[in-house]
Structures are given as C-alpha cells and as structure tokens.
Amino acid sequence: MVGNASVLTDSSTKLLPSLQYFRAVAAILVVLYHAACVFGPGGYQPVQSWEAMFLFGHAGVELFFVLSGFIICWIHYDRIGAAGEVPSYIRKRLVRIYPPVALVVIAWAALSFAAGMPMRPIEYLVSLTLIPFDFAYAPPALWTLTHEMAFYALFLLAFIRRWLFIAALLAWGVVGYALVMVPGLAEGRTIPPLVGSAYAFLFSLGVLAFFIVRARLAIPAWGKVALGLLGLVIFAWAATRDVALQLGKVAPEGAERAARALTPWFGVAATIWVVVLADPPIRFRGRMHAVMMLLGNASYAIYLWHEIPQRVLGRLIGSVGLAGPETRVIAIALIVGSGVVLGVLVYQFVERPLLRWINARLDARSRNAAAA
C-alpha cells in the first residue's frame, strides 16, 4: 500500500459518497496486487498464472494519494482562518492515523514472533513513528503513510500562507520525481526517501482536482461520462503497460524507471475521476450503496490489515493443494476475501469504537479546559 493510504473521517465524506466508493476500489486494487504477488518468482508460490493481470493493483496507492490531496483541501482549505482550526487539523490527522497503525503493528509483531521471526527494533521505530529512518515497515504497506504524514505536515504551511503551501508542494513533487527519473541526477548522493519520491507530486494533482471542483465548472452529464471514459482509457493503458513491464525481462534499473514513468498516467486518471465523482448526487441506491460505503469507510483498515491473512495464507495454500493454476481461483478468493473481511471487522469492532472513544475523551478534556 500500497494506502492508505488517503484517510478520511466518516463525517468528511457524508456529502461525497462517490469518493467513498473510490476509496473502496483503491483499497481492493491494493489487496488484489498483493494477492497476485503471492505467486511467481518473488512470492511464496513459484508458479504464476492468470492472477498476474492484477499486478497493476499497486496503482491503488496512486489513487489514494490523489484523493488525499483533494480531501485535505476539501475539508480544511476554506477554513484556514477559522479559530482553532490548526489544533483541530493536527488532532484529526494524528488521531486518525496513529492509533490504527499501533494496533496493526502489535498484531504484526505477534504474528512475526509466533513465526519465529521477531521484529527488529528499527522495524518498531519506523512503523510506529512513520518516520523513514530505514525502509523497514512492518507491515510493509505502512510506507505509504510516511508520504501521507509528510503531506499533512506540508499542509500546515497553508495556515501561514496558502501560496507557500502550494509552492512547497509543487517543489516537493517536481524535485522528487526528477531525482528518480533523471539518470545520474541522484547518483553518488544520499537522498532522503521522502525527497527523492516518485509519488509526492500525486498530492499536487489532488489539490489541482480540488481547485477544479471548487471553480464549480458546469460539466454536462455527457461531458462527465466522456471524462470518466477518458480516465478509464488512460488507466487501462497504463495498467496494461505496467503488467507487461513486471512480467518482461527488463534490467532492474530500466524496469524501475519505466514503471515510474507510468505513475503520472495513473495520477492523471485518478485526477479526472475525482473531478467527475466529487458531486453529491452521484451515488448508488439500496444495498449497493450500503456495501460500497462500508468498504469505503473501512478502506483504511482494509489497507492496514490485509497483509496479515495474506502472509498466513500465502504459506498455507501450497500445503493444502491450492497453489496450482487449476485451483488459483480459490486461492485468490481466499487471500482477497480474508483481507477485505478482516479489514471490515477491524473497522467495525475495533477501529471505529476506539477512535470514537479517543475523540470523546479529547472533547471532554477540551470542554473542561474551556470551563476552567
């Protein structure tokens, strides 16, 4: 997690159900990607089959980053001058991110200990702080939250001057992508991971989507359909190319650069979709709406927790005879289904009650302080 990724509170998206659907799709794409990674030369099972088509699913991270740039501006940009907005912003980000992270790190540590591979101190440090002292995240999907936290910190500049935030965000994105893509530019230098990032500019695309939506452009229904299809074509082309690169015999250095060249295309597709979908009337009806809203609300938990059953099942499916191509449908269904179900259960019975309890305690403390 890919990631969550983009993390929204329930209240921030009540008027934008379509973006909750978007979050659900992004989370499931990441789950599909990791399920596909169980097989093949780098996975637990060496035989690769049709599931390789899902190797583009890591693009769910790109979707999350664009959506995150949009949502943070959607919630806070026009409230920058409001009294108490800075403490409120900091509190919301910290409470929403860190308690769920702590829970999944504890679970991952317990699983690692039971497997005879206890976590190292650096893994605890990096995973619990989300500061990239080393790329030693446990579970590995936590790396995306390091980028999220960097973006949230950068947004604090908007409370000083809006243009300062925009300028710093653009500089971060341009410099990061150039360091990754321009041959020899970073050679021989020690570049901090968050500076030399091929993903940082995606937050800028989300901010751009916010300004487009904020301008209240009158896009007719046929125009929205056409834009949505354009985004789908761009995404499908990039996904096809991405899978071909992962399955092809390309030198590691060349493959990495070629893959990163596709990141902007995934980002452009995500930007188009966010602009089209950021419209309250766009929503499903009945049970489909309820299911997609649940998955969207639970997407952060799905992203955080899906690697745990994947890790267990990835090792077990071979021993029970489900690793072969003829039973791959069952194996993939088990890996994906268990990741999604576990995430939903954690969201419903752990994450949501925990965050409500923490916020209630903080609200009570604030009221007592104000009364005093």
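The values are calculated or read from the model by the stated rules, or taken from the named source; none is laboratory data. If you're wondering where the values come from, they're calculated on a predicted model, not measured in any experiment. All Cβ positions, even for glycine, are placed from backbone atoms using ideal geometry, and neighbour counts span all protein chains on display. These area figures cover heavy atoms from the full protein model, side chains too; ligands, DNA and RNA do not enter into them. Shrake-Rupley method; radii C 1.70, N 1.55, O 1.52, S 1.80 Å.
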Could you work out which residue, out of 150, 218, 158, moves most in a Gaussian network model of the chain, that is, has the largest mean-square fluctuation with Cα springs under 10 Å?
218
Take the alpha carbon gyration tensor of the chain, find the square roots of its eigenvalues, order them as a ≥ b ≥ c, and report rounded if a/c is under 1.5; if not, report prolate when a/b exceeds b/c, else oblate.
rounded
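Starting from the Cα-Cα distance between residue 349 and residue 166, subtract it from 0.36 nm times their residue separation and give me the gain in nm to one decimal.
On the way: separation 183, 0.36 × 183 = 65.88 nm, distance 3.84 nm.
Between residue 349 and residue 166, full extension yields an extra 62.0 nm.
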Within the stretch 213-239, the residues whose backbone N lies under 19 Å from a label point placed 7 Å from the Cα of residue 82 along the Cα-to-Cβ direction are 214-215
Only helices at least 18 Å long along their own axis, judged from Cα atoms, and with Kyte-Doolittle mean hydropathy of 0.0 or greater: name those in the chain from DSSP H.
17-37, 59-76, 85-114, 143-155, 162-181, 201-214, 221-247, 263-277, 328-346
Could you check the simple spin-label distance between residue 120 and residue 230, using points 7 Å along Cα→Cβ, in nm with one decimal?
4.8 nm
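Using 0.36 nm per residue, how much length does the chain from residue 107 to residue 316 gain when fully extended, once their Cα-Cα distance is taken away?
Values: separation 209, 0.36 × 209 = 75.24 nm, distance 1.89 nm.
Full-extension gain reported as 73.3 nm.
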Max mean-square fluctuation residue, GNM over the chain, Cα-Cα springs under 10 Å, options 164, 205, 295
164
Using only helices, what value at 222 nm comes out for the chain when you add -39,500 (n - 2.57) per DSSP H run of length 4 or more and divide by the total residues, to the nearest 500 deg cm²/dmol?
-22000 deg cm²/dmol
Taking the chain as a Gaussian network, Cα atoms linked when under 10 Å apart, which of 346, 195, 101 shows the biggest mean-square fluctuation?
195
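Evaluate E = 1/(1 + (r/R0)^6) for residue 186 and residue 370, where r is the Cβ-Cβ distance and R0 equals 45 Å; express this FRET efficiency to the nearest 0.05.
Working: r = 50 Å, r/R0 = 1.11.
Efficiency at R0 = 45 Å is approximately 0.35.
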Might you tell me the accessible area per residue for the stretch 224-289, computed with a 1.4 Å probe and given in Å²?
57 Å²
Rounded, prolate or oblate: which one fits the stretch 93-179, using the alpha carbon gyration tensor with axes a ≥ b ≥ c (rounded when a/c is under 1.5, else prolate when a/b beats b/c, else oblate)?
prolate
Estimate the FRET efficiency between residue 247 and residue 362 by the formula 1/(1 + (r/R0)^6), using the beta-carbon distance for r and 51 Å for R0, to the nearest 0.05.
0.55
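Using a 1.4 angstrom probe on the protein heavy atoms only, could you order 58, 306 from most to least accessible area?
Order by accessible area, largest first: 58, 306.
What accessible area per residue comes out for the stretch 79-188, rounded to a whole number of Å², with a 1.4 Å probe? Don't skip to the answer; put the middle values down first.
Values: 5270 Å² over 110 residues.
Counting only protein heavy atoms, the per-residue value for the stretch 79-188 is 48 Å².
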Could you work out what % of the accessible surface of the chain is carbon and sulfur, using a 1.4 angstrom probe and leaving DNA, RNA and ligands out of the count?
70 percent
